[in-house]
1. Could you calculate the contour length gain from residue 196 to residue 27, that is, 0.36 nm times the residue separation minus the distance between their Cα atoms, to one decimal place in nm?
2. Take the alpha carbon atoms of the stretch 123-151, find their center, do the same for the stretch 21-44, and report the distance between the two centers in whole angstrom.
3. Using a simple spin-label model with points 7 Å from Cα along the Cα→Cβ vector, what separation in nm is obtained for residue 118 and residue 174?
4. Relative contact order, percent, of the stretch 89-184 when contacts are C-alpha pairs under 8 Å separated by at least 6 residues?
5. Starting from the eigenvalues of the Cα gyration tensor, five times each then square-rooted, give me the equivalent ellipsoid semi-axes of the chain, largest first, whole Å.
6. Top mean-square fluctuation among 96, 190, 57, Gaussian network model of the chain, C-alpha springs under 10 Å?
7. In the structure shown, do any of 19/64; 64/174; 133/174; 28/64; 133/168 have a Cα-Cα gap over 25 Å, and if so which?
8. Do you know the relative contact order of the chain, to the nearest whole percent, from alpha carbon pairs under 8 angstrom that are 6+ apart?
Amino acid sequence: MIWLGIDTSHTPLAVAVVKDGQVLAEYKSSVKVTHSIGTMPAIEELMKKANIQPNELDAIAVAKGPGSYTGVRIGVTIGKTLAWTLNIPIYSVSSLQVLAGNAPYFQGTVCSIMDARRGNVFAGIYTDGKLVKESHMSMADLLSTLDEMGQPILFVGMDVALHWNQIKEVLGDKVHQAGASFSLPSAAVLIEIAQNMEPKDVHTTVPEYLRITEAEANWMKEQKKNGN
């Protein structure tokens, strides 16, 4: 079975082709390139290197968010278009779970984060590979939650560095930071997770942002102001 994995949910771009459990080719980069411009050329180049034609693909796996609103939409839209055109199943996986999947053997709690600005983060908390919580929350609330769990904690994600001083101040010696090579999303890991999931209907596969968009928030404010 041949899989194509796509993650464009944040600054990094990750694409992989996996055949029968073997990674044929994988690409990941944290260089800031617009995903609408860079994703399809990356997919085409990767499949060329893997000597795989589009009609040979058996399944598509996409990171469904959270993350950048635009980035998530690009990856999900490309995945849905390919799945619909090729008449193959599509699988969608939490972008936070993909990051946490880089540390499957850590003894304790794995916390993957993406910066959400203004002191907030998208955070995924996993213990023994099982989901505890995924949410959009303040960094202070996240650290309080983790502190109460009383376990060793591994933080994963390229945005961890933005909050590391605060993390260390609250959690002290029980906290660890994943190395740079483990902080970028891996589309091969995305596929590995997807292989243990059920496929989604291509028409109902949608991004999951874990918070409303700015446009929705502004609309709600206007409705409240107008008494609606």
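Rule-based calculations on the coordinates, nothing more; no lab input. Please read these numbers as outputs of a predicted model, since none were measured by experiment. Here the Cβ is made from the backbone with ideal geometry for all residues, glycine too, and neighbour counts use every protein chain on show.
1. Residue separation times 0.36 nm, minus the Cα-Cα distance, leaves 58.6 nm.
2. 30 Å
3. Calculated label separation equals 3.1 nm.
4. 27 percent
5. Gyration-tensor ellipsoid for the chain: 30, 23, 15 Å.
6. Checking each option, the largest mean-square fluctuation is seen for 57.
7. The answer is 64/174.
8. Working: 455 pairs, mean separation 52.8, N = 228.
That works out to 23 percent.
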